[in-house]
1. Grab the other residues whose beta carbon is less than 13 angstrom from that of ASN61, score K and R as +1, D and E as -1, and report the net.
2. Quick check on packing: order 113-124, 589-600 by the mean number of other C-beta atoms within 10 Å, highest mean leading.
3. If each residue's Cβ is checked for other Cβ atoms within 10 Å, how do TYR714, TYR539 rank with the fewest at the top?
4. Place the peptides 63-72, 134-143 in order of packing, highest mean first, counting for every residue the other Cβ atoms within 10 Å and averaging per peptide.
5. Quick one: if the Förster radius is 30 Å, what FRET efficiency do ILE308 and ASP63 give, using the C-beta to C-beta distance and rounding to 0.05?
6. Do any GluC sites (Glu not before Pro) in segment 626-669 lie in a loop, going by DSSP, with at most 15 other beta-carbon atoms within 10 Å of their beta carbon, and if so which?
7. Return the calculated 222 nm mean residue ellipticity for the chain, to the nearest 500 deg cm²/dmol, obtained by summing -39500 (n - 2.57) across DSSP H runs with n ≥ 4 and dividing by the residue count.
8. Take the residue pairs LYS244/LYS530; LYS343/LYS369; LYS336/LYS591; LYS526/LYS591 and return only those whose Cα atoms are more than 25 Å apart.
Amino acid sequence: MIFSGNAIKVDILQDSVANLVFDLEGESINKLSKAVVNQLDEAITAVEDHNDLSALIISSNKDVFIVGADVTEFLGFFKLPEKEFTNWIESTQALFSRIEDLPIPTVTAVNGYALGGGCELALTTDYRVMANTARIGLPEVKLGIFPGWGGTVRLPRLIGADNALEWICTGDQKKADEAFKCHAVDSVVSIEQLNEAAMHIVQQCLDGKLDYQQRKQDKRQPLQLNPLESIMAFESAKAVVAAKAGRHFPAPIAAIETVQHHATMLRDEAMQVEAHGFVKMAKTPVARNLVGLFLNDQRIKKVSRGYIKNAQNVKQAAVLGAGIMGGGIAYQSACKDIPIIMKDIKQEALELGKGEAGKLLLKQVKRGKIKPEDVPEILAKIDTTLSYGDFDNTDLVVEAVIENKDIKSSVLAEVEQQVKADCILTSNTSTISITELAKSLQRPDQFCGMHFFNPVYRMPLVEVIRGEKSSETAIATTVAYAEAMGKTPIVVNDCAGFLVNRVLFPYFAGFDALVRDGVEIQHIDKVMEKFGWPMGPAYLLDVVGIDTAHHASEVMAEAYPDRMNKEFKSATDALYESERFGQKNNVGFYKYELDKRGKQKKLEDENATRIIETVRLSMSEISDEEIIDRMMIPMCMETVRCVEEDIVDHPLDADMGLILGIAFPTFRGGALRYIEEMGLQEFCERAEKYSHISPIYAPTKRLLSMAKKNQTFYPKV
């Protein structure tokens, strides 16, 4: 052994071949933290100083190769002065180039995930052999940056500009066969044959059958593109990527421009261009917010793992109510191999629910996500019934009947008598207090909320709501079931609307007031979509259902009369009275018709305009900036209240809940990150400016105090 550290060891194999092995002590994965990079520097120095080595193999003793850099260090690096940050990036680039410039043949054995910096490290060696189960890729754009340790330089020189730009700009993980097809790796074998295959490549180099020196030379050269090829590769890529990424995510376009800039340069000069471009991206608010979300997501997963340790096993689930929501829950459970019983009081409802599951499966087949032959097996996991006869062995029940307190209480009390004593009961209510619903139960400790979002198959969030008497076992089991269904559970404490709907309805209230004051709904939608929402508030209300929104707003007004009780008749109210319920009956703020593909197409509607005109009180001149403030401040302020009232355990739970539950613009990081980006003092001043419109704008006393003391919701890095 010529080097030994807590993350890297270098052994000597047969024929003086060095094996540099990543095996980070105390961790289940390998990652390139600053300390590990420093250790890699020492290990490579040991290799350079050992004059009689014939070759170098880089491998891993973990189930993964290297998952990338240590993201927990990113925000600290991003805060560094630009020159200091650039120097650190360039020093790591130089280290990777030293590996590439070793005078001996080098091979990377990719046994598992080789992502980000792990992929960039693999690109430094002359050859790569990959296990057929492994994955490789450069996911940096998903964090608002692009590869900065040579990835934008080496990958295009290995696989061509077109392929490299697709890898870099999508951030997708590539399977072994795809990586081999475009020459990113040189051999694909079973995991059992990986070390042997790496040694075989080394032997071919030593026998003169492979020209590893030419490989090294080719990677130091400019990209081999003539001027016409260059224009076609880069300009066409910009057009495609700009349309897909949108203006709020600058990293993919910046990556293309970086590769285009250094395409004619030698490696070392190109590295400098990459380093400066990387630092520029890392200094953007988008990068800070996306990295923050990644860290938030990691924390939520860690919290969930803590709950799951105390969970009961859910081998058999059930859902009460076989509508679109019930069918979606049944589909999701069955797809994740958890059998589920779907009960309703009407046979036609059961047929509708199972039909909904069937439609979703067919969509997955068309997308290539599910094999056609797997459909019958998945559907067989959904049992339908009109009685409770099969509920004896049910481990968890999701109540998903109509959003009515009395009906839900009755159904829950009824099912409690039909299940075993340790069965967990949950309610998919979107607004009704879990503590109130628990009053109808004999075992309230076995009950909690499990709020799914529509459409269930697409929306990642599940709110797990803790009532006053909900036991830790009930919460843990529900969290575990949500995770097993492929969802992200966030535990919240009980209140009307819980987290997501509680903060959504002040947003809708801001919209109603803008319409009352004369702003056209189409203009509001365009402004908020430009802000970053996937759809504007009028369109969103049509999707949610105007009848559903009307009912929920009444619940919220009763719960929070001081600020959510409207003093005027809104456009939403007027459309509800006209039985325009949105997409569910094809008329709402807009009207809907099926297009050639059978999808609902949104159209402006003169009838809606006439109805809305009856509730306008003025025609004010309101700027786009004011529209954004009057929409966003109420939502953000209610999020602040949820944090202050301990509805969530941590500010990041609130931000992640909004992003996962209502598609809050990810590049803005969540409501609390949005406030911090603006500055708490500035946010409070803007809020007070509009407080005469409604109490939903008024800053809380604690927020005003935080602003005065220059405090933040998240720790300052």
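A short reminder: the numbers here are calculations on the coordinates, not readings from a lab. These numbers were taken from a predicted model, which means no experiment stands behind them. So basically every Cβ, Gly included, is an ideal-geometry build from the backbone, and we count neighbours across all protein chains shown.
1. Details: positive: LYS9, LYS62; negative: ASP11, ASP23, GLU25, GLU27, ASP63.
The answer is -3.
2. Values: 113-124: 26.6, 589-600: 13.5.
In decreasing order of mean packing, 113-124, 589-600 become 113-124, 589-600.
3. On the way: TYR714 18, TYR539 23.
With the sparsest Cβ surroundings first, the list reads TYR714, TYR539.
4. Top of the packing list down: 134-143, 63-72.
5. Working from the Cβ atoms, E equals 0.90.
6. Listed in order of number, the matching sites are GLU645.
7. Details: 31 runs with 361 residues, N = 717.
Only helices count here, giving -15500 deg cm²/dmol.
8. Table pairs above 25 Å Cα-Cα are LYS343/LYS369; LYS336/LYS591.
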